[in-house]
1. Report every pair of residues separated by at least 6 positions or lying on different chains whose Cβ atoms are under 7 Å apart, first residue within the range 44-71 and under 17 Å from residue 3 (Cα atoms), second open to solvent by 20 Å² or more (accessible area, probe 1.4 Å) and polar (S, T, N, Q).
2. Looking at (1) open to solvent by 70 Å² or more (accessible area, probe 1.4 Å); (2) closer than 24 Å to residue 92 by Cβ; (3) out of contact with any Phe, Trp or Tyr (no Cβ under 7 Å at 6 or more places or on another chain); (4) not hydrophobic (A, V, I, L, M, F, W, C), which is the one condition that is false for residue 74?
3. Might you let me know whether the range 20-38 holds any residue that is in contact with a strand residue (DSSP E or B) (Cβ under 9 Å, 6 or more places away or on another chain), modelled with pLDDT of 90 or more, closer than 21 Å to residue 86 by Cβ and open to solvent by less than 60 Å² (accessible area, probe 1.4 Å)?
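The values are calculated or read from the model by the stated rules, or taken from the named source; none is laboratory data. Because the structure is a prediction, the values reported are computed rather than measured. Counting neighbours? That spans all protein chains shown, and the Cβs are built from the backbone with ideal geometry, glycine included. All accessible areas refer to the heavy atoms of the entire protein, side chains included, with ligands and DNA or RNA removed. Shrake-Rupley method; radii C 1.70, N 1.55, O 1.52, S 1.80 Å.
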Amino acid sequence: MIKFFLMVNKQGQTRLSKYYEHIEIHKRTMLEAEVIKNCLSRSKDQCSFIEYKDFKLVYRQYAALFVVVGINETENEMAVYELIHNFVEVLDKYFSRVSELDVSFLVSESHL
């Protein structure tokens, strides 16, 4: 099961977030900071799956954007990895070459 979906830029700023389980706002901020730090600190040679606390992180980088999905232990990482790619392809077609600005300023159109 997907717990959350984040789009983050290289500076660590969250551009889009969607939570599928209730998490208090201050806990979301701390969670996002830790998740972003873990994903951005990894090199391109490392695996895109990270075990973090009681869930797994699956992330993918597209130019200046990172897409991070938090899933439970039983979810298939490769399926989520492909889901991320399909989501970005749809955004790319909709916005005619999606960029960070599209996601930031047109959130209502790109929101999950």
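1. Close Cβ pairs satisfying both conditions: 50/38; 52/38; 55/72; 57/38; 58/48; 59/48; 60/48.
2. The one condition residue 74 does not meet is (2).
3. no
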